[in-house]
Amino acid sequence: MINITLPDGSVRQYDKGITAMKIALSISEGLARNVLAAEVDGEVWDSSRPIEKDSSVKLLTWNDTKGKSTFWHSSAHLMAEALEALYPGTKFGIGPAIETGFYYDVDFGDREFSSDEFKKIEDKIIELAKTKEEFVRKPVSKADALAYFTEKGDEYKLDLIKDLPDGSITFYTQGNFTDLCRGPHIPNTGFIKAVKLMSVAGAYWRGDESRKQLTRIYGVTFPKASELTDYLHILEEAKKRDHRKLGKELELFAFSEKVGMGLPLWLPKGTALREKLVNFLQKAQVKAGYEQVITPHIGHKNLYVTSGHYEKYGADAFQPIKTPQEGEEFFLKPMNCPHHCEIYKTKPRSYKDLPVRLAEFGTVYRYEQSGELHGLTRVRGFTQDDAHLFCRPDQVKEEFMKVIDLVLYVFKALGFDDYVAQVSLRDPENKAKYIGSDENWALAEAAIIEAAEEKGLRTVVELGEAAFYGPKLDFMVKDALGRKWQLGTIQVDYNLPERFELEYTGSDNMKHRPVMIHRAPFGSLERFVAVLIEHCAGSFPLWLSPEQFIILPISEKYEDYAKKLSEELKNSDICGLIDFRDEKIGRKIRDAEVKKIPYMLIVGEKEAAENVVSVRKHGQGDLGSMSIEEFKKQIIKEITV
Ligand SMILES: [Zn+2]
Ligand SMILES: [Zn+2]
């Protein structure tokens, strides 16, 4: 008998050679129907593979990332089988799972291929899936593997086998199709109920431009037809919400090739939105004991030699700016931390002065390859809502709790209510990789875990994901479409205080090193605004809207009344505009809807005579007429909620 430890810690005994599938069956038949693969001592295996020794076993289903990727990788095999059936003589490169779905690189020879053929392939995939072909694993010798693909005439597989050590090679067969593969796979093709081929592209064999270009076909599959429908709906919705598209339509930001790629230009409305975010956070930070600082956009090379950035990123960064006379070198600031360390050092600090919390909306510049740039989410210049907390080791936990409060305050105000905190700790097997004493690491890691626990956060702990200089906590937020974004990061740092020789005088009158915490609730304003636009589809919370109202006079005659109303609202810090165009009122309403302006105030003869406004709310329609005082009250109430 062998002992199988399950994820809940329970231990069950089975005969040697038991499989994960049989373990699942022994627990429940329902579970067994959903098992795609299993993690055996940390390695993903076929659920049909015999387990020969005491092991910990985690059964993987569609709900596990590794279960999904096994499903998608198996789907790549199935697509290959369909391609071989439809286009005999096709040769195959590699077919991995990716974040959403899978691809296969194939060589169709002289055949022209386009997405017009997707439907035919999808139908074939489903036809084959229905026959529930089992994925059968078979170890083969290198000689046999070479013989098989020589006979088949597939030079790509031969190229792959060439690099594999004898004794490690396995084939997988489903139906009439055999592939070179390490596995693992799902039990049979019957699990695959829905498929959509997404796109086709060229890809050089092994990413090498001097070699043949293959055809890469991307696809995605699901265990239920309804999941495919949902997925396609989300893709459609994501397209509509794309921040690059909405940013243009709502006139928030723009890019100009003359200014330079990846350098956003904030238009007046985008700037208004951004300023509101800055003011909102700044106010909260002042309350939480932060002090605002400002540092230059460039720094002397020596600053980055001290911080270590020069050595690590110097060659991949924007290259230095040189002075004409003295031959000095300056770099565009890639991070605010080194500057803040120098601010810390401007005067002696005692243990009573700590924590020192320095905050800056600091604009930084990082070189990104042009192909990597993407709207506001990947740019070359951006503004971090940065702060650095310099504290004593015994203050780390309390500071963490305060930063968590701040992050949650931001999330709540902006309508992000689905998030998980990821705690990244060091790899306990590999402590030499990290800087800082064991004692301090233990203290900081415990502080982060306890702080997250006391704040009642949903957490996942990742061992080995800490930076070499300290553990961290990241907030992973799900947006309205269920997409995950990393927002809000809190990071402990033992490295920079060491490099900058930061000190404070302890109660023992001795010199000590402070601990540094980097934190940014938004991350960067650029990325945050991008996520926010996509999350709320451009309909920002009222307090954040760059234009909260628009007054729509029915004709020229009521413009004076409109101006009077606008002044009155502006005096109460409610911002908006008047549509003076000579257009029909129906057209003005439609245009205001497209611009997602929260409130439309329609004024005509009746309104001017009775000193009221007719109010329409974006997405809700007519709210009836009310006095300007009533309207103001409603807005103020909504903003302060
Ligand atoms: Zn495979
Ligand atoms: Zn920093």
Carbon and sulfur together cover what percent of the accessible area of the stretch 533-604 at a 1.4 Å probe radius?
-> 50
Of all DSSP beta bridges in the stretch 478-613, antiparallel share, percent nearest 5 | 50
Got a sec to turn the phi values of the stretch 496-512 into Karplus ³J(HN,Hα) couplings, 6.51 cos²θ - 1.76 cosθ + 1.60 with θ = phi - 60°, whole Hz, x for Gly and Pro?
-> 4, x, 5, 5, 8, 6, 6, 9, 9, 8, x, 5, 8, 6, 9, 7, 10
About its Cα centre, how strong a charge dipole does the chain have in debye, to the nearest 20, once Lys and Arg get +1 and Asp and Glu get -1 at the Cβ?
-> 580
Value at 222 nm in deg cm²/dmol, rounded to 500, when DSSP H runs of n ≥ 4 in the chain each add -39,500 (n - 2.57) = -11000 deg cm²/dmol
Dimensionless Rg/Rh of the stretch 257-401, both radii on Cα and Rh by Kirkwood, sits at 1.00
With the dipole of the chain defined by +1 on each Lys or Arg Cβ and -1 on each Asp or Glu Cβ, the option from G381, P320, V278 whose Cα lies farthest towards the positive pole is V278
Rough spin-label spacing in nm, given labels placed 7 Å along Cα→Cβ, for V293 and N3 | 5.4
Between K345 and D41, what FRET efficiency follows from the Cβ-Cβ distance if R0 is 60 Å, with the result rounded to 0.05?
-> 0.75
Taking a quarter of the surface of the Cα convex hull of the chain, what do you get in nm²?
-> 38.6
Separation in nanometres of the label points that stand 7 Å from Cα toward Cβ, at A467 and L263 = 2.6
Residues with amide H under 5 Å from that of D54, placed H, sequence gap 5 or more | N3
FRET efficiency, 1/(1 + (r/R0)^6) with R0 51 Å, evaluated for S56 and E368 via beta carbons | 0.80
Would you please report the Å³ per residue occupied by the convex hull of the alpha carbon atoms in the stretch 389-474?
-> 91
Could you pull out every residue, at least 5 positions away or on a different chain, whose amide H is within less than 5 Å of the one on L267? Hs are placed 1.01 Å off N in the peptide plane, and Pro or chain starts have none.
-> F253, A254
Which of the trypsin sites (Lys or Arg not before Pro) across the stretch 544-641 are loop residues per DSSP, with 13 or fewer other Cβ within 10 Å?
-> R581, K584
Mind giving me the FRET efficiency for E503 and R33? R0 is 60 Å, r the Cβ-Cβ distance, nearest 0.05 is fine.
-> 0.45
Share of alpha-carbon pairs per 10 Å distance bin for the stretch 468-571, given as whole % | 12, 23, 19, 17, 15, 9, 5, 1
Calculate one ³J(HN,Hα) per residue across the stretch 60-75 by plugging θ = phi - 60° into the Karplus curve 6.51 cos²θ - 1.76 cosθ + 1.60, and present them in order as whole Hz with x for glycine and proline.
-> 9, 10, 4, 7, 9, 3, 6, x, 4, 5, 5, 4, 6, 5, 5, 5
Rounded to the nearest 10 Å², what accessible area does Y290 show when all protein chains are kept and the probe is 1.4 Å?
-> 20
Full extension from V286 to I636: what is 0.36 nm times the residue separation minus their Cα-Cα distance, to one decimal in nm?
-> 123.7 nm
Give, as a single signed number, the net charge of other residues whose beta carbon lies under 14 Å from the beta carbon of V603, with Lys and Arg counted +1 and Asp and Glu -1.
-> -3
Please figure out what share of the DSSP beta bridges in the stretch 533-636 is antiparallel and state it in percent, rounded to the nearest 5.
-> 55
For the stretch 74-211, give the percent of accessible area contributed by carbon and sulfur heavy atoms, probe 1.4 Å, rounded to a whole number.
-> 49
Could you check how much of the accessible area of the stretch 366-461 is carbon and sulfur, as a whole percent, using a 1.4 Å probe?
-> 45
Roll a 1.4 Å probe over the protein chains and send me the accessible area per residue for the chain in Å².
-> 50
Please list the non-local residues whose amide H lies under 5 Å from the amide H of E462, H modeled 1.01 Å from N, same-chain partners needing a gap of 5 or more.
-> V423, S424, L425
The stretch 370-421 - Kirkwood radius from inverse mean 1/r over Cα pairs (Å) = 14.1
The answer for GluC sites (Glu not before Pro) in the stretch 78-173 that fall in a DSSP coil and have at most 16 neighbouring Cβ atoms within 10 Å is E99, E112
Quick one: divide the alpha-carbon radius of gyration of the stretch 66-212 by 2.2 N^0.38 Å and tell me what you get.
-> 1.01
The stretch 47-135: trypsin sites (Lys or Arg not before Pro) in DSSP loop, at most 16 other beta carbons within 10 Å | K53, R111, K132
Per-residue HN-Hα couplings for the stretch 443-452 [Karplus 6.51, -1.76, 1.60; θ = phi - 60°; Hz; x = Gly/Pro] | 5, 5, 5, 5, 4, 5, 4, 5, 4, 5
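The values are calculated or read from the model by the stated rules, or taken from the named source; none is laboratory data. Predicted model, so just to flag it, every value in this text is computed and none were measured. Note that each Cβ is placed from the backbone with ideal geometry, even for glycine, and that neighbours are counted across all protein chains shown. Side chains are part of the model used for accessible areas, which takes the heavy atoms of the whole protein and leaves out ligands, DNA and RNA. Shrake-Rupley method; radii C 1.70, N 1.55, O 1.52, S 1.80 Å.
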